[in-house]
Amino acid sequence: MNEPTLNVLPLGHLDCQYFRIVAGCDESRMYRSPVSALLIRHPRLGNILYDTGNSPYSRWEYGEDINSVYPVGSFVSIEQALRLHGLKCSDIDMIILSHLHFDHVGGLRYFQGTKAIRNVIVAESELQSACFSVFTGEEHSAYIKSLFDVEGVVYRPIRETTELAPDLTLFIQKAHTPGVTGLIVKTRTLGNVIVTSDAVYTKETWETSTPPGGPINKGTEDFLANLQRLRDMQKQYDAVMLFGHDSEQIQEWSLKGDI
């Protein structure tokens, strides 16, 4: 195997108003926002997991604000998702967290006691933002201390674009949060794939340049600047885009098997 394989792992969904995904929509319109993780099997770096999904204890751990605005409509644990690919949590060598919001870091606790919990990559600016938020009681925050402050976790913060291997590069986006880590991976079947995470939620967002709504999404200027950067990167790498919460795309790619 000379190139990484990529698998999209569906982890359930959140129920939310669609204007929180694409600003300006009718506030009565609802959306099933998919939650997912990526499994990258790399010939040199081993088994890499990008994001971990929701907490199994969301109903009491997330609090009233999140549970009313982004309730978990269905839940699949990262442990279950990995099992479908013949892996256990102890088989993961590295975890990359796109950012530290609840639906991306909620499954980190499944890796307690494994080698992966001591090798968690996150943007330094994101870790700082999460800590500031939880220790100052920031309103409408999507950061929850118990989700990212798990026993034994060792974060490996990055400050800038980081090449883990010639076919796997991480880049930091100042959009959605101060440090959303995207990735560029060269795959067997699709060539280069750029993963945006929540800096771009959906294909509609990408095509219409419409930012998301709601208080957890801050900074339209940053969103638009990052969008242009991603468009430039797509041309540079001749890449296929994978968006953070696009229901059709996540479903379609999860059925592809090894990418």
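Values quoted throughout were computed directly from the atomic coordinates according to the rules given, and no laboratory measurement underlies them. Since the model is a prediction, treat every value here as computed from it, not as a measurement. A quick note on method: Cβ atoms are made from the backbone with ideal geometry, for glycine too, and the neighbour counts reach across all protein chains shown.
Worth pointing out:
- Sorted by Cβ density within 10 Å, fewest first, the residues 139, 126: 139, 126
- The GNM of the chain, with springs linking C-alpha atoms under 10 angstrom apart, assigns the highest mean-square fluctuation among 96, 66, 194 to 66.
- Gaussian network model of the chain, Cα within-10 Å springs - most flexible of 160, 204, 221: 221
- Cut-off under 5 Å, modelled amide H: who pairs with residue 197 long-range: 244
- Under Karplus coefficients 6.51, -1.76 and 1.60, residue-wise ³J(HN,Hα) of region 76-90 in Hz, glycine/proline x: 10, 6, 4, 4, 5, 5, 5, 4, 5, 9, x, 10, 10, 4, 5
- Among the lysines of region 5-254, pairs at least eight places apart or on separate chains and with Cα atoms under 29 Å apart come to 16.
- Theoretical ellipticity at 222 nm over the chain - DSSP helices of four or more residues, -39500 (n - 2.57) apiece, nearest 500: -7000 deg cm²/dmol
- Ranked 164, 84, criterion: other C-beta atoms within 10 Å, fewest first: 84, 164
- Whole-number percent relative contact order across the chain, with pairs defined as alpha carbons under 8 Å at least 6 apart: 21 percent
- Cα-based shape type of region 210-259, given that a ≥ b ≥ c are square roots of the gyration tensor eigenvalues and the cut on a/c is 1.5: oblate
- Overall, the anisotropy analysis places region 51-131 in the oblate class: the square-rooted eigenvalues a ≥ b ≥ c of its C-alpha gyration tensor yield a/c not less than 1.5, with a/b not exceeding b/c.
- GNM result for the chain, Cα springs below 10 Å: residue of 57, 31, 237 fluctuating most strongly: 57
- Of the trypsin sites (Lys or Arg not before Pro) found in region 79-173, those in coil by DSSP whose Cβ has at most 12 other Cβ atoms within 10 Å are 88, 159.
- Full extension of the chain between residue 145 and residue 88 gives 18.0 nm of extra length, using 0.36 nm per residue less the Cα-Cα distance.
- For a paramagnetic label modelled on residue 225 (point 7 Å from Cα along Cα→Cβ), amide N atoms under 15 Å away belong, within region 152-184, to 172-180.
- In a fully extended conformation the segment linking residue 209 and residue 156 would gain 15.8 nm over its present Cα-Cα distance, using 0.36 nm per residue.
- Neighbour-count order for 103, 198, 222, fewest beta carbons within 10 angstrom listed first: 222, 198, 103
- Local charge for residue 55 was computed over the other residues whose Cβ lies under 11 Å away, with Lys and Arg +1 and Asp and Glu -1, and equals 0.
- Across region 4-11, computed HN-Hα scalar couplings (Karplus, 6.51 cos²θ - 1.76 cosθ + 1.60, θ = phi - 60°) run x, 10, 10, 10, 8, 9, x, 10 Hz from first to last residue, x flagging Gly and Pro.
- Label-point separation, residue 256 to residue 60 (7 Å along Cα→Cβ), nm: 4.0 nm
- Taken about its Cα centre, the chain carries a charge dipole of roughly 660 debye when the Cβ of each Lys and Arg holds +1 and the Cβ of each Asp and Glu holds -1.
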